[in-house]
Every structure is written in structure tokens, then in C-alpha cells.
1. Ignoring everything except DSSP H segments at least 4 long, calculate the 222 nm mean residue ellipticity for chain B; use -39,500 (n - 2.57) per segment, divide by total residues, nearest 500.
2. Per-residue ellipticity at 222 nm for chain A, helices alone: DSSP H runs ≥ 4 residues times -39500 (n - 2.57), over residue total, nearest 500 deg cm²/dmol?
3. For each of B:230, A:239, B:299, count neighbouring Cβ atoms within 10 Å of the residue's Cβ, then give the residues from fewest to most.
4. Only bridges whose two residues both fall in the protein assembly as shown count here: according to DSSP, what percent of them are antiparallel, nearest 5?
5. Helix hunt in chain A: which complete DSSP H runs extend at least 20 Å axially by C-alpha with mean Kyte-Doolittle at least 1.6?
6. Take every Cα-Cα pair in the range B:243-314 and report what % of them are more than 14 Å apart.
7. With a sphere of radius 15 Å drawn around the Cβ of residue B:311, what net charge do the other residues whose Cβ falls strictly inside it have (Lys, Arg +1; Asp, Glu -1)?
8. How large is the direction-averaged shadow of the alpha-carbon convex hull of the range A:1-97, in nm²?
Amino acid sequence: MGDLRAYAALGTAQLRSATSYRTSFLVELFGNMGATVFDVVTVLVLFRATPAVGGFSLREAVLIVGLSSAGFALADLTIGNVDRLKSYVRAGTLDAVLVRPLPALPQLLLMDLPVRKALRVVFGFVVLGLAVAANDIDWTPGRVLLMALTPIAAAAFFGSIFVISASLAFWWVDSGELGSAFTYGGRDFTSYPISVYGGWFRGLFAYALGFGFVAYQPALALLGRPDPLGLPAWSGYLSPLVALGAAALAAVVWRTGIRHYRSTGS
Amino acid sequence: MIKMQDLQKHFTVRVKAGRLRRKKRTVAAVDGVNLTIERGEMVGYIGPNGAGKSTTLKMLTGVLTPSAGEVSVCGLAPVPQRTKLALRIGVVFGQRSQLWWDLPLHESFELLRHIYRVPAAEHAARLRRCRSLLDLDEFLDTPVRQLSLGQRMRGELTAALLHGPEVLFLDEPTIGLDVVSKQAVRAFLAELGATGDVTLVLTTHDLADIERLCERLVVIDHGRVVHDGSIEALHARYGSRRSLVADLEQPLPADFALPGTVLTAVTANGHRVTFSLESTTAAAAVAGLVAAVPVRDLSLLEPDIEDVVARLYTSP
């Protein structure tokens, strides 16, 4: 309970810091929405050229991009700023975080909670809502539950990717934008039906790394469509488990990484 | 309160060897430190740049994981019990801020109250004390980014003390401060140490900090402790002597010798002489000198700790 109050205090402090530069805060708030809008617009543009992509209609594809965008925006808002870690590691400012009586990761996340990204989440969920309305989904209790859990599981999955790629900085200070290949690359990957990808590439990202379970498989389960790639119908319900697995892996990587933190000379 | 047993920290450094190849090299930043610090002690930790002072402090505070050896602070293991330990220690890193850059100073203090879960009454009492001792009132409402370094450091000290820590670690608390701010910080720490409840460990390059504050001095070089004891013990060990400086009415006779002393300097056309007191008392030397030649003025100089330490750093 005491911890919660401490986190709340940290969060509001960050909010007050951000709004102390009022104009730039507003500019960023709206500027940031652009990125998510473009993801969705790209899909819409694609379907102007062809009526079906990878065997999926526009309505179905929007459900996939909606699940992916909502989950990613949620993860980006809450956990995405962990990619600032590399600058903290380089400058050694993580020291100040580590001498406080709270776990390091939540502190880091709250220390610069990117409130400016809040509108992206709103947009992601609006798209998801429209997609749900546009598709004729046969609502069973299982599907209702899946619908509620999938954006959260997607956020947890992307959040884990954020944490893992940020943790690289503990071993490799110049990790640069390598992590972005998996975070933003992963988001782009999950925005389309995975049937459009070929061979080993699909095998690696969709199944081995689990990106196929973020939006594609749950979307199939929601729509009640058989998987053109042959996975059984229940595989869409695996997405929360896949997210849990990713989160567990991220926790291990983070803990190991923080023991490798080297600080800097002062 | 603090125990270190054969404490070591190694860093792997990759050195360029050819266009793409990198050679791995292991550097021991802290190389087997054994120290025990009791409750209420004030210990000054000095050493040249890169000697391992900050690295040691970071291992004591749970920031860095030791490569080998044992360490305990307040009976806790710093890294595995980091958050528990954080409630019982205060840390001031001279070059890392604990404060919120964009918020007024008093808001940082309020935040720390929540983070450390300090009861409001205790917090208010400690803050009141710091406010009067460190003159915080005039800039409590100023955003931290607009504070001068001296003001910020006073804020950092307060921030480190609001939860009533048992041990206070200070990494170069006076670095970059002007003389007045340095004195303010020292006076505050002296007052804090005098109560005897707080164990104080500070690293510094300013030996005046040590002379003013610490009975115990630990000198570290190349990751090892090369001296552990009082400042007097350091002088005795390195043969530092007091010296007698005299202004004379007339130059010293050529064959003059003062028993138990060595003549180390003659300046001002032979009118000013300096003797190093090797094996005699100041009183005997003064008496001997006055009896031999007319003396206008006399002064006695304490050995300069800077010289001693400089010698310590450069000796292999």
C-alpha cells in the first residue's frame, strides 16, 4: 500500500514536470498521435489497391491492425520509455534510481511517463472499436474474454520486448537503435495477417518469437475463421500465455542486466 | 555498521586491437579492500582519480555488484537487499542529483517523504532542522534546475537525511563549491557527526573536508587501502614535521646549527630561515635560536597534509 502511494507520487511529479513546459507538452501530445494514425492509414491505402491481402478482407485486416495498435500504444505509453535506459546507463544516472527504496524498473517508467503518448492509446482503441463493430463477430463468453484480454496481452508482449531490448544497454552501452528493430519492427509485423509473410521469416517472427500470437491468431479466433496456415482454432486463446512467457523472460533478462550495470566514473 | 572483506570489483575493458578486433582486458577497480566501520564513526575516504573510491561507495550502496568478497551495511547485503537497505542509508553523489529537475525544491522533499514512507511529523521535524541549519528558506520554492550548485548541494544533503538514515554516504559532497558553500556543508556535516547517531563515510579530493570532519582517514590507491588511521598517524608514518619559521634581525652565521633540527630554507637575503623540527620540541628550538641570534618574528607551521598525500599518491 505504501509502495502504491510512492508510485502515485512519482507519477504525478512526472506529470507536473511535463506540464511545466506547457506548449511543448501540447505539441508533443498531438504530434505523437500522428505515428499511430499512419500505421492504420497504411493498411487502408494497401486495400485500395487490392480487395484482399493474404486471404483477408479489409474489415478483418482492420481488426488485426486494431488489436496490434491498441496493444502497442498501451505498451508504448506505460513501458516504452524504458528505452531511455541506455542514456541513463551511459550517463550513470541510474545510480540515483538504485539508491531509492523502490524497485528500479517501475521507478524508471514513472520517472518519465510519456503522457504525450496518451492520445495514441485512445486512437488505437477507437480503431479497435470500429473494427469490432464492422465485423460480424459471434459473441461467445470465451470470445468476450479473449476480446478483453488480447489488447492487454499484446501490451504485455510488446512491453516485454521493450524491456528486453532496453536491457541490452547493460551489456552493450552503444546498443543504439538495435532494440527498435524488434519493438517497432514487431509492431509493423503484427499489423498485417501473417499469411503475407514467407517461409523462414514468418516461422521465426510469428512462431519462434511469438509475434503471431499478438494480433493475428486472436483475430482468427474472434472471427471464427480457420487458420489458412493450419494452426488449430484454440491457438488464438494462447495469446495471454505467450505474453506471460515473454514477461517472465523479460524479468529474468532485466534482473541479470541490472547486476551487470557498471555505472560511470565520477 | 559497515564491513568489507576482501571486496573486489573488476571491469572488463575492450581495447582496440586492429581495425575490428577488440582485446579484452580486466581492470581491478577495487582489489581486495578490508575495512570495518563502527556506528557513529566519521570516515574520510581519499585517493587519486580512478583509485576506486566511488566504486567502493557504489558497492556499499547496492548500485554495483561486487565481483568477489563480502560486504555488509547495517547488517544487510547491499545488492540482494537493496531496497531494504535504501531505507536505512542516505546517499549524496556530488555529481548525480536525487532531486526533481523541473519541480520546486520543497516538492522534491515531499516526494521523498512518500518514496521513503516517512511519517509526516518526523519528516517535518527533520526538514525544519535542515532548513535552519542549511538556510534553505530562500530557495525552497525555486525549481531545482534554477538553483546554484551550492544551493542544490544543500538541497541534496537535506534530501539524503529526511528519512533519518543510519549511515550517510557522501561522494565528493564539496566538489565544485565556492569557499562559503564548502564551509556551510562542512559545518553542517560536523554538526551531524557530533550527535553520534549517524555514521558518515565521505570521499573527497579536498583534504580540508577531512581535517575538519574525520578522525579516521582511509587512503586508497590502485584499488587497495594504503593507509587507515588518524591524520596524525599518517603524518607520523610519512615523517612529516612541523617547521619553525623565523625572521631575523641579521643573517644567520654560516656555521650555525640548531640541535635536533634541519635548516630547510633561507630566504630574504638570509633574514628568513626555516627549520624542520626533527627530534626536538618547538620550545627548545625557539630558545636555542633566540639565544644565538636576535629574532624579530617567529611562527610555527603544522605539516601540510596535501604534501603528505601527494607523496602517498606518487609513491609506487
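None of the figures in this text is laboratory data; all of them are computed from the coordinates on show. Just so it is clear, the model here is predicted, and its values are computed rather than measured. In this analysis, Cβ positions are derived from the backbone assuming ideal geometry, glycine residues included, and neighbour counts consider all displayed protein chains.
1. Helix contribution divided over all residues of chain B: -9500 deg cm²/dmol.
2. So the calculated ellipticity at 222 nm is -22000 deg cm²/dmol.
3. B:299, B:230, A:239
4. The answer is about 70 percent antiparallel.
5. A:33-49, A:118-134, A:141-171
6. 60 percent
7. Its environment carries a net charge of -2.
8. Mean projected area for the range A:1-97: 9.8 nm², to one decimal.
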